[in-house]
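The values are calculated or read from the model by the stated rules, or taken from the named source; none is laboratory data. Please read these numbers as outputs of a predicted model, since none were measured by experiment. No Cβ is skipped: glycine too gets one built from the backbone with ideal geometry, and neighbour counts run over all protein chains shown. Surface areas here come from the heavy atoms of the whole protein model, side chains and all, with no ligands, DNA or RNA. Shrake-Rupley method; radii C 1.70, N 1.55, O 1.52, S 1.80 Å.
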Amino acid sequence: MIRYLQRLKAKKGFTMIELIVVIAIIGILTAVILANVGTEREKIQAANAAAQDFYSTVQYSFTKYMKYEADLSLEIANENKTILPANRIINYVRELNGNYPVNKTTIIRMFVEQNQIQYVQAFKSVESMLSDASTSCKTKFDELLMNDFETLMVSNVDGYYYALVTFSGAGTNPSPAPVKVHSAYYSPQSFIELTGDTTAYRVNNLTFENNNRLSNGSICGVCSSAKYTVSGISTPLGNEGTFFMGVDPALAAGI
């Protein structure tokens with residue numbers, strides 16, 4: 001293309017055919033660029049919509065669990081008796097007449113394939129979730145979440161879904177407080193398993209280098225009312241310079 005234009009420039013003028021060829025080439029290049037921009041925008045919109053769907057689903061479920069005046073089920077109650085308190089995800093709190101997360105933060109991961117939920121898993125931290133490569137429900141609570149999500153999810157777009165749930169009233173003596181979804185995410189690809197230095201992992205995989213595009217190349221949908229401080233500026237999660245789930249040590253327990 002450049003050589004062709006240079007040859008044309010060496011001439012005193014353009015012939016009509018040459019002008020038509022140049023205009024046609026420019027038109028084709030413009031169409032390709034605009035098509036890619038449209039596709040990228042559509043992918044981001046679809047990813048954000050999937051994250052919003054998951055955000056609403058997780059929030060509804062945990063709000064419902066809070067309002068139960070008994071254990072979620074006898075199976076979960078019995079399972080919790082065999083699980084060490086430090087490893088439990090949710091417990092019935094008699095004083096609060098409901099079921100509440102044991103920890104201040106809980107991570108939910110869900111995988112959808114062929115528009116069907118394959119598994120749902122609950123973790124205590126972002127780090128424990130990223131270090132776990134299992135591909136099935138692990139506890140009775142995971143199975144309960146999966147059953148609820150199958151009923152509540154609207155889109156079921158194939159890919160991986162994540163949510164960060166917070167409960168400020170968690171502790172030895174739980175206190176009344178709402179259970180909130182801090183943020184929810186959707187990505188077509190799974191994150192690679194966390195090994196080695198967590199700082200390097202964060203930079204290589206969890207940084208938003210462009211809006212909605214992570215440093216590992218994946219487009220990641222985001223739904224959150226939370227913001228992240230970048231260079232002293234409060235920035236919505238998912239924007240350039242922020243991190244997956246905020247990657248706030250106070251929320252993500254160490255990563």
Out of the residues in segment 42-69 that are open to solvent by 50 Å² or more (accessible area, probe 1.4 Å) and hydrophobic (A, V, I, L, M, F, W, C), state the one that is nearest to PRO188 (Cα to Cα). ALA46
Quick test for you: out of ALA200, ALA163, pick the one residue that is free of Cβ contacts under 8 Å to residues at least 24 places away in the same chain and either part of a helix (DSSP H, G or I) or within 18 Å of VAL120 (Cβ to Cβ) (or both). ALA200
Inside segment 178-198, the number of residues satisfying the requirement of being surrounded by fewer than 16 Cβ atoms within 10 Å (Cβ to Cβ), of a type in the set (Gly, Ala, Ser) and either under 14 Å from the mean Cα position of the chain (by Cα) or on the phi < 0 side of the Ramachandran plot (or both) is 1
Based on this model, can you work out whether THR135 counts as among the polar types (S, T, N, Q), in contact (Cβ under 8 Å) with a residue 12 or more places away in the chain and touching a His at 6+ places or on another chain (Cβ under 8 Å)? no
How many residues are within 29 Å of THR198 (Cβ to Cβ), among the hydrophobic types (A, V, I, L, M, F, W, C) and assigned to a helix (DSSP H, G or I) if we restrict to segment 94-132? 3
Hey, does segment 215-228 have a residue that's in contact with a strand residue (DSSP E or B) (Cβ under 7 Å, 6 or more places away or on another chain), farther than 20 Å from TYR160 by Cα and of a type outside the set (A, V, I, L, M, F, W, C)? yes
